[in-house]
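As structure tokens, the structure follows; a few thoughts come after it.
The values are calculated or read from the model by the stated rules, or taken from the named source; none is laboratory data. Just so we're clear, the structure is a prediction, and the values are computed from it rather than from any experiment. No Cβ is skipped: glycine too gets one built from the backbone with ideal geometry, and neighbour counts run over all protein chains shown. These accessible areas exclude ligands, DNA and RNA; they are computed on the full protein's heavy atoms, side chains included. Shrake-Rupley method; radii C 1.70, N 1.55, O 1.52, S 1.80 Å.
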Amino acid sequence: MTQNFEPKILGIFCNWCSYTGADLAGTSRMKYAPNMRIVRVMCSGRVDPQFILKAYKEGADGVLVAGCHPGDCHYIEGNFKTIGRMQILEKMLAQFGIEKERFRLEWISAAEGDRVMHVVNEMTTQVKKLGPLNWKEVSRSKDIGHCEEPKATKQSPLNK
Amino acid sequence: MTQKLKVGIYWAASCGGCEIATLEIAENILKFIEVADLVLCPCIADFKYDDVRAYPDGYIDVCFFNGGIRNSEAKEIAELLRKKSKTLVAFGACANWGGIPALANLYTKDAMIERSYITTESNDNPQGTLPQTSYKMPEGELHLPKLFDSVHKLDDVVDVDYYVPGCPPVAKQIWSCIEAIAAGKLPPKGSVIGVGDKSVCDECPFEKKTEGVRISKFKRPHLEKPDLTKKAELNNKPQCLLEQGFVCMGSATRSGCEAQCLKANMPCRGCYGPAEGVEDQGAKIASAIGSLVDSQGNSERSAEIVAQIVDPVGTFYRFGMGNSMLRVKKL
Ligand code: SF4
Ligand code: SF4
Ligand code: SF4
Ligand code: FES
């Protein structure tokens, strides 16, 4: 089943560098995996960690945030904020049990169409290997009252 | 005289603090009993579930429901009280979003039971006895509530009319809610009541906006004291605790408590829940704190600073796990 699985990856790209880079990949007819849907934002500093959690909750298998290289941000230090935010988010995702390959922050300039191609292909392969995230299933939110009799676990003296 | 209000107070997965907080309305209790009769309150009076079952539907005018939905008993009583109450109020952090008990959503139920009944250092359980839902005795079979796999908020199981947040709600706000109910002056159904309309920062005695401040070291309030001599540039108030490096949830948290923790020099832990317009309190505070990290555009430098934030999920969703976007851990 994982064989046929085509991951859904959300790309959140900043307008000035990374989105232009993705455009370049397109106009240069570079071939990359069709699994990513891009949302354009003015700056990676606009990316609220809420967007990313929402993406997973709504069915994304992976999220790629891309912005200008530090020092090149159109708004000077917008992406300085992105770094801290995304690093805290990465720690949180790990605590929620979301594999680290499902989230990626990349610096992609307007000239780096090939980088878009490489990153998207690599991420698609990695997420494909992991399989669907399927958070609706994970959160069992509809499944109120889902419960089983507590089991004696490995360490439990009941099993000895 | 018009009929007295019939009020119910119930606890589900709760610590009892919400009832104690209600008693903090102090001398107003005398005014309360002038206008209201308690018809259910397991914390202080001996009502049986069968008494409640015998009430006609809609008999209880207002039911303050505290605690989350952790087991089959809580769900059953929530459904019963919904039927018997004209107005059902989710009272306190646990009923609103699962509260502290919902942090268990980061573990499996089995792991939690094992920790509670087997491996806790102070346990004395050589037989490894675990809670069971039925037990055969000579006198017959006993049935006990079933523990659910995760903790739910009240409105996951029943329709809720009003939300009063806080862990626990502060007495002044509780009284303002009771007055509003007694006077029949309630906002539209679904409103959060007994709160302010801004964030905790708005009521806070500390001050931000010291231009260009960045955090290069995170501090923990039980290990370090805030520096009250540091003043904000804007005015002469002491400098914001977050800017000083203490994780403070104030900016993502709804006002209403009059920033009582801050007045005791403690950072806000977020018990009044997401501020207006905030969907996920934890992600919002990650955004606010992340933007203050002194990364200087350097990922390694930033990573070293971020590594000092201990347990971000447990801290940012201390009260709100049951209401967070992800809600549980993927296992
Ligand atoms: S909201 Fe706080 S005080 Fe109220 S029951 Fe929950 S833990 Fe206790
Ligand atoms: S972040 Fe905390 S210390 Fe700073 S102003 Fe807001 S509530 Fe006050
Ligand atoms: S300051 Fe924060 S943690 Fe303290 S009571 Fe207010 S909302 Fe709750
Ligand atoms: S404009 Fe590209 S990261 Fe800020």
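Does region B:3-16 include one or more residues that are within 14 Å of ligand 1 (Cβ to nearest atom) and within 14 Å of chain A (Cβ to nearest Cβ)? Checking region B:3-16: at least one residue is within 14 Å of ligand 1 (Cβ to nearest atom) and within 14 Å of chain A (Cβ to nearest Cβ).
For (1) over 29 Å from B:Glu304 (Cβ atoms); (2) not in a helix (DSSP H, G or I), each residue gets a yes or a no:
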residue: A:Thr20; (1), (2): yes, no
residue: A:Gln50; (1), (2): no, no
residue: A:Ala55; (1), (2): no, no
residue: A:Ala66; (1), (2): no, yes
residue: A:Phe80; (1), (2): no, no
residue: A:Ile83; (1), (2): no, no
residue: A:Ile88; (1), (2): no, no
residue: A:Leu93; (1), (2): no, no
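Search region B:35-57 for residues being in a helix (DSSP H, G or I) and without any contact (Cβ under 8 Å) to a residue 24 or more places away in the chain, and hand back the single one that is least open to solvent (accessible area, probe 1.4 Å).
B:Asp51
Once region B:68-87 is narrowed to residues that are open to solvent by less than 30 Å² (accessible area, probe 1.4 Å) and part of a helix (DSSP H, G or I), the residue that is farthest from the other protein chains (Cβ to nearest Cβ) is B:Lys84. Region B:145-233 holds helices (runs of 4 or more DSSP H) entirely within its bounds, and those carrying 3 or more residues that are not aliphatic (A, V, I, L, M) map to B:171-182, B:200-203. In region B:227-255, the residues that are touching a residue at least 40 places away in the same chain (Cβ under 8 Å) reach residues that are within 16 Å of ligand 4 (Cβ to nearest atom) with C-beta atoms within less than 9 angstrom, at least six apart or across chains, in these pairs: B:Ala252/B:Ser287.
Pick out the one residue from B:Val293, B:Val313, B:Val278 that is at pLDDT 95 or above and crowded, with 24+ Cβ neighbours inside 10 Å. Lay out the reasoning, then the answer.
Details: B:Val313 fails: crowded, with 24+ Cβ neighbours inside 10 Å; B:Val278 fails: crowded, with 24+ Cβ neighbours inside 10 Å.
Result: B:Val293 is the single residue among B:Val293, B:Val313, B:Val278 that is at pLDDT 95 or above and crowded, with 24+ Cβ neighbours inside 10 Å.
Just one of the listed residues (B:Lys330, B:Lys284) is in a helix (DSSP H, G or I) and among the charged types (D, E, K, R), namely B:Lys284. Each residue in region B:173-196 was checked for being among the charged types (D, E, K, R) and either modelled with pLDDT under 95 or within 14 Å of ligand 1 (Cβ to nearest atom) (or both), and 2 of them qualify.
Could you pull out the residue among A:Ile98, A:Ile88 that is open to solvent by less than 20 Å² (accessible area, probe 1.4 Å), in contact (Cβ under 8 Å) with a residue 24 or more places away in the chain, over 23 Å from A:Met42 (Cβ atoms) and under 15 Å from the mean Cα position of the chain (by Cα)?
Values: A:Ile88 fails: over 23 Å from A:Met42 (Cβ atoms).
Just one listed residue meets the conditions, A:Ile98.
If B:Leu223 satisfies all but one of (1) under 30 Å from B:Leu103 (Cα atoms); (2) within 12 Å of ligand 2 (Cβ to nearest atom), what's the number of the condition it fails? Status for B:Leu223: all satisfied but (2).
Screening B:Ala104, B:Ala13, B:Ala93, B:Ala74 for residues that are within 17 Å of the chain's Cα centre (by Cα), within 16 Å of ligand 3 (Cβ to nearest atom) and among the aliphatic types (A, V, I, L, M) leaves exactly one candidate, B:Ala93. Filtering region B:220-250 to residues that are within 13 Å of ligand 3 (Cβ to nearest atom) and within 14 Å of chain A (Cβ to nearest Cβ) leaves B:Leu242, B:Val247, B:Met249.
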